[in-house]
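S.K.: What follows is a structure written as structure tokens; I'll ask about it next.
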Amino acid sequence: MTLKTLWLENETRLWKQGLIHIAGLDEAGRGPLAGPVVAAAVVFPPHTYIEGVNDSKKLSPKKRDELALKISKTAICVNTGIVHEREIDQINILQATYQAMRQAIKRLKVQPQHLLVDGYAIPNMQIAQTAIPQGDSQVFSIAAASIIAKVTRDQMMYEYDAMFPEYGFAKHKGYPTRQHVEAIAQFGPCPIHRESFKVKGWPKIS
């Protein structure tokens, strides 16, 4: 069995059933202390494969950017959903992730016939779906979505870095690195920090 065959195993099963519009879904930003959670949905033409697509966490920033461009040019449609920090605080990060995924699906220009979802199934969906734990390292469409989500979120964090340069968002993207936690201790949280994600000694966001 070739690498391509392995990566496309789930899509191929659905294509053989006569389904054409299969959407891969993944998110970026569940773990950071700051910024949004971003989900991406990607629908490819049947039998599409792009060499090098993998779990976004296993790729360099340069490679992610290159692949994101190829994915966007090759896919039938690509879109994202974004849920910001205040809504994350209100509904929790898991529900915010589901909300971002629903947004991404709704914004696609074609209605998917089946969803391949990283992790757990999205509640309250009328579209058939297959949830695949660690799908971003096993399923082509999900891995592609992971790249789009990561590249989109990273670009947002670069923009936030320009607004709040003391926190180093361009480097750690809001994740709880030592540098980030020390910056919070020194400067306090900024408007994009998640109140519901607590760090010891973290003052309340005003």
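Taken together, the values in this text are just the output of simple stated rules run on the coordinates, not laboratory data. Since this is a predicted model, take the numbers as computed values, not measurements. Quick reminder, even Gly has a Cβ in these numbers, built from the backbone with ideal geometry, and neighbours come from all protein chains shown.
S.K.: Roughly how big is segment 3-162's charge dipole about its Cα centre, with Cβ charges of +1 (Lys, Arg) and -1 (Asp, Glu), in debye to the nearest 20?
M.R.: Roughly 420 debye for segment 3-162.
S.K.: Also, quick follow-up: In debye to the nearest 20, how big a dipole does segment 75-202 give about its Cα centre with +1 on each Lys and Arg Cβ and -1 on each Asp and Glu Cβ?
M.R.: 220
S.K.: At 222 nm, what value in deg cm²/dmol follows for the chain if DSSP H runs of at least 4 each add -39500 (n - 2.57) and the sum is divided by all its residues, to the nearest 500?
M.R.: Value at 222 nm, helices only: -12500 deg cm²/dmol.
S.K.: Give the residue from Tyr160, Pro32, Ile105 lying farthest towards the positive end of the charge dipole for the chain; charges sit on Cβ (+1 for Lys and Arg, -1 for Asp and Glu) and the dipole is referred to the Cα centre.
M.R.: Result: Ile105.
S.K.: Summarise the long-distance tail of P(r) for segment 1-102 by giving the % of C-alpha pairs beyond 15 Å.
M.R.: Cα-Cα pairs in segment 1-102 separated by more than 15 Å: 68 percent.
S.K.: Neighbouring Cβ atoms within 10 Å as the yardstick, rank Tyr120, Tyr175 fewest first.
M.R.: Tyr120, Tyr175
S.K.: Same structure, new question: Could you grab the relative contact order for the chain? Cα pairs under 8 Å, six or more apart, rounded to a whole percent.
M.R.: Answer for the chain is 28 percent.
S.K.: On to the next question. If you look at just the Cα atoms of segment 43-158, how large are its Rg and its Dmax in Å?
M.R.: Final numbers for Rg and Dmax: 13.9, 41 Å.
S.K.: Also, quick follow-up: For Arg86, what is the net charge nearby, where nearby means another residue's Cβ is under 12 Å from its Cβ and Lys, Arg count +1, Asp, Glu -1?
M.R.: Around Arg86, the charge tally is -3.
S.K.: Order by neighbour count: Ile71, Ile122, Ile147, fewest other Cβ atoms within 10 Å first, most last.
M.R.: Ordered from fewest to most neighbouring Cβ atoms within 10 Å, Ile71, Ile122, Ile147 come out as Ile122, Ile71, Ile147.
S.K.: To make sure I understand the rule: partners must be lysines, Cα under 22 Å from the Cα of Lys150, and not fewer than 8 residues away in the same chain. Which ones qualify?
M.R.: Result set, ordered by chain and number: Lys57, Lys58, Lys62, Lys63, Lys70, Lys73, Lys106, Lys109, Lys171, Lys173.
S.K.: If you rank Met156, Met101, Met163 by fewest surrounding Cβ atoms within 10 Å, what's the result?
M.R.: Arranged by neighbour count, lowest to highest, Met156, Met101, Met163 become Met163, Met156, Met101.
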